[in-house]
Amino acid sequence: MSNANNIQGKIILAAAGPGDPELITMKAACCLQTADIVLTDRLVSPEILNRYVNPAAEVIYVGKQCRRGNSTPQETINELMVQFAQQGKLVVRLKGGDVSIFSNILDELQVLIQNNIPYEIVPGVTAALGAAAYAGIPLTARGYATAVRLLTYYKSDIVPDQYWEELARTSDTLVFYMSAETVEGIVSKLIRYGVAQDRHIAVIEQGTTPLQQVHTSGIYEFTNKFEGYSFISPSLVIVGKVVALHEQFAWLANASVREQYFKPMASLQSNINHNKKAHVSRA
Ligand code: SAH
């Protein structure tokens, strides 16, 4: 595979976990220690970059923000990966949560294949698993739910009405990513299709971070309790009978302050020189 004129670099698509820096895998931490370049998402704990990244490595923020501006276009990320790999660098492409859940891994894999660049994939703890654990909510439990669905409703045409009908009927636990801003829509769709009274809803803000807050209610009470409430990004929405178990099994108190744990891209990017070769020093 290697091009005779080039020293062959490599891309490691690695997961950082949902927030708590100790939820990164040992494998991903080892990769960060040997990396020449780290291309990191916004939803990666700054502690992870401080603790695990090889001090000689360049850290480049290439985060995306759903709905908001200040995103790095996927094309730029692709170009950076190819460019650095062709220079023979060991590049860790670090993604929040797990690498394959609601991430652009497909685009990145396609580009790597097209350019004959070797890669590895290192999995991680996705937000659903991390946030549920730190909220004391078992995602499946005997008598409660026998399956979990990972979903998103960040725009309204992504879930057709027929599927809402099915989601309202199922006893599966429903986990919605990128949907805190549309949570009132989720509730009203489920209610419209007759979701059972015993289904509860949790919105978990900044799960597994020191600023985690869990907000719960019965699904029919949600609008009264939280109408107009603005949840801090990132938040995860969990719907199901299992959510009621939070009351009994929560082991972590809500943070006493409501502050943002992950910095917005604008403030991270202001550190970057836009010539794409910028070195971003770690605080
Ligand atoms: N690849 C990531 C998901 C990326 S999509 C993973 O496997 O977790 C981004 C969405 O993930 C956010 O909008 C939010 O819904 C969820 N998310 C990520 N980190 C989170 C956290 N610490 N707490 C709550 N939700 C989180």
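The values are calculated or read from the model by the stated rules, or taken from the named source; none is laboratory data. Just so you know, these numbers come straight off a predicted model, no measurement behind them. Don't worry about glycine lacking a Cβ; one is built from the backbone with ideal geometry, like all the others, and counts go over all protein chains shown.
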For the subset of region 11-24 comprising residues that are touching a residue at least 60 places away in the same chain (Cβ under 8 Å) and away from the ligand (no atom under 13 Å from the Cβ), which member is surrounded by the most Cβ atoms within 10 Å (Cβ to Cβ)? Ile11
Within region 141-166, residues being of a type in the set (Phe, Trp, Tyr) and away from the ligand (no atom under 14 Å from the Cβ) number 3
Counting just the residues of region 208-244 that are within 11 Å of the ligand (Cβ to nearest atom) and in contact with a strand residue (DSSP E or B) (Cβ under 6 Å, 6 or more places away or on another chain), which one comes out nearest to Ala135 (Cα to Cα)? Val214
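Output the residue which, of all residues in region 253-267 that are in contact with a Ser or Thr (Cβ under 9 Å, 6 or more places away or on another chain) and not polar (S, T, N, Q), is modelled with the lowest pLDDT. Break it down into steps so the answer makes sense when it comes.
Residues of region 253-267 that are in contact with a Ser or Thr (Cβ under 9 Å, 6 or more places away or on another chain), as a first pass: 255, 260-262, 264-265.
This time we only want the ones that are not polar (S, T, N, Q), so: 255, 261-262, 264-265.
Values: Ala255: 98, Tyr261: 96, Phe262: 94, Pro264: 76, Met265: 63.
Among them, the one singled out is Met265.
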For Gly63, state whether it is modelled with pLDDT under 95 and among the small types (Gly, Ala, Ser). yes
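Matching residues to (1) polar (S, T, N, Q); (2) under 24 Å from Ala29 (Cα atoms); (3) over 17 Å from the mean Cα position of the chain (by Cα):
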residue	(1), (2), (3)
Val59	no, yes, yes
Lys64	no, yes, no
Met81	no, yes, yes
Ala85	no, yes, yes
Gly97	no, yes, no
Leu106	no, yes, no
Gln114	yes, no, yes
Glu120	no, yes, yes
